[in-house]
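Written below as structure tokens is the structure these notes are about.
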Amino acid sequence: MAFPRKERPVSDFVAARKIDEKISFVRNDHEVRGTIYKILENSVIVQISNKDADLIGVPSNLTVVAHKNYSVVE
């Protein structure tokens, strides 16, 4: 039996996000800047530099960041 998906309103912050937008977040005590690669319901996939990927200990230059854990860089 499948349950119908609940429609939830999207916050203004999430609705304003765009692909290729620059953001900043903190991971493992390091500030990382990256570019939004894909926007998901609760998070974004961010493309970061290979140097930053090594610095924060992730295996690739793509990482997931929750909407509440990043800020937009102007």
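Every number here is computed from the coordinates shown, using simple stated rules; none is lab data. Note that this is a predicted model, so its numbers are computed, not measured. No Cβ is skipped: glycine too gets one built from the backbone with ideal geometry, and neighbour counts run over all protein chains shown.
Key figures
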| quantity | calculated |
| --- | --- |
| Of the trypsin sites (Lys or Arg not before Pro) in the stretch 5-74, those whose Cβ has at most 16 other Cβ within 10 Å and which sit in DSSP loop | R5, K6, R17, K18 |
| MRE, 222 nm, helices only [DSSP H, n ≥ 4, -39500 (n - 2.57), over the chain, to nearest 500] | -3000 deg cm²/dmol |
| Mean separation of Cα contacts under 8 Å, 6 or more apart, over the residue count of the chain: relative contact order % | 28 |
| FRET efficiency, 1/(1 + (r/R0)^6) with R0 22 Å, evaluated for A15 and K68 via beta carbons | 0.90 |
| P(r) tail fraction, the stretch 14-72 - alpha-carbon pairs more than 16 Å apart, % | 33 |
| Net dipole in debye of the chain [+1 Lys, Arg Cβ; -1 Asp, Glu Cβ; about Cα centre; nearest 20] | 260 |
| GluC sites (Glu not before Pro) restricted to the stretch 1-50 and DSSP loop, no more than 14 other C-beta within 10 Å | E7, E41 |
| Those residues of the stretch 46-61 whose amide nitrogen sits under 16 Å from the label point placed on D29, 7 Å along Cα→Cβ | 55-57 |
